[in-house]
Amino acid sequence: MAYTIRPYADGDAEALSLVTLAAIATIGPKGYSQEQVAAWAARHIQPERIAGRVAAGDMVFVAADAEDKPVAYVLLEASGHVDMLYNHPDHSRAGLADQLLMEAENKARTLGIERLYTEASELAQSAFERAGYSLGERRDFTIEHMRQPVPIHNYAMEKTLG
């Protein structure tokens, strides 16, 4: 299947929210408990969250299918923080995460950003490693869900741009 990497477009927010939820629900259980997956997904159910981030100046790059339907995306902040990288499970293993991370890196270079950093999930860690990010420490924390703290973890990772 042919994909296009493009900037976020008005109207993408709902599709990107669905990509996020599908990725968390389908791929999440491979590295996290059901309780952790539910808490994680609950933080991403509002499409306006992504639109708000773009309106605030964050950059989103989208992988779209032949019909221009978003199937994966990455969010880059002006600080160099890569905050989100999600791929719809029906379009995994197509190299989209690698392409999106390269697009974010290229944009960062044009903006003079010297360091990219992220908090990668158990499942995204390998994509960031392939893109040349170095693994930092495991971060253990809790997410409030259903009025209960749910313990979860991710990994600090970074890449220096030369």
Restricting to the stretch 42-80, count the residues that are under 12 Å from Ser17 (Cα atoms), crowded, with 24+ Cβ neighbours inside 10 Å and among the small types (Gly, Ala, Ser). 1
Test for Val54: is it β-branched (Val, Ile, Thr) and within 23 Å of Ile152 (Cα to Cα): no
Just one of Ala51, Ala23, Ala78, Ala41 is among the small types (Gly, Ala, Ser), assigned to a helix (DSSP H, G or I) and at pLDDT 95 or above; which is it? Ala23
Residues satisfying the stated conditions in the stretch 109-162, i.e. outside any strand (DSSP E or B), of a type in the set (A, V, I, L, M, F, W, C) and either closer than 22 Å to Ile24 by Cα or open to solvent by less than 60 Å² (accessible area, probe 1.4 Å) (or both): Ile113, Leu123, Ala124, Ala127, Phe128, Ala131, Met146, Leu161
Conditions (1) surrounded by fewer than 18 Cβ atoms within 10 Å (Cβ to Cβ); (2) in contact with a strand residue (DSSP E or B) (Cβ under 9 Å, 6 or more places away or on another chain); (3) of a type in the set (Gly, Ala, Ser); number of the one not met by Ala22: (1)
Conditions: (1) among the charged types (D, E, K, R); (2) surrounded by fewer than 17 Cβ atoms within 10 Å (Cβ to Cβ); (3) under 14 Å from the mean Cα position of the chain (by Cα); (4) over 17 Å from Ala156 (Cβ atoms). Asp83 meets all but one. Number of the miss? (4)
When the stretch 28-41 is examined, which residues are found to be surrounded by 14 or more Cβ atoms within 10 Å (Cβ to Cβ), over 13 Å from the mean Cα position of the chain (by Cα) and not small (Gly, Ala, Ser)? Tyr32, Glu35, Gln36, Val37
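The values are calculated or read from the model by the stated rules, or taken from the named source; none is laboratory data. Keep in mind that what you see is a predicted model, and the values were worked out from it rather than measured. Don't worry about glycine lacking a Cβ; one is built from the backbone with ideal geometry, like all the others, and counts go over all protein chains shown. Accessible surface is based on the protein model in full, side chains and every heavy atom, while ligands, DNA and RNA are left aside. Shrake-Rupley method; radii C 1.70, N 1.55, O 1.52, S 1.80 Å.
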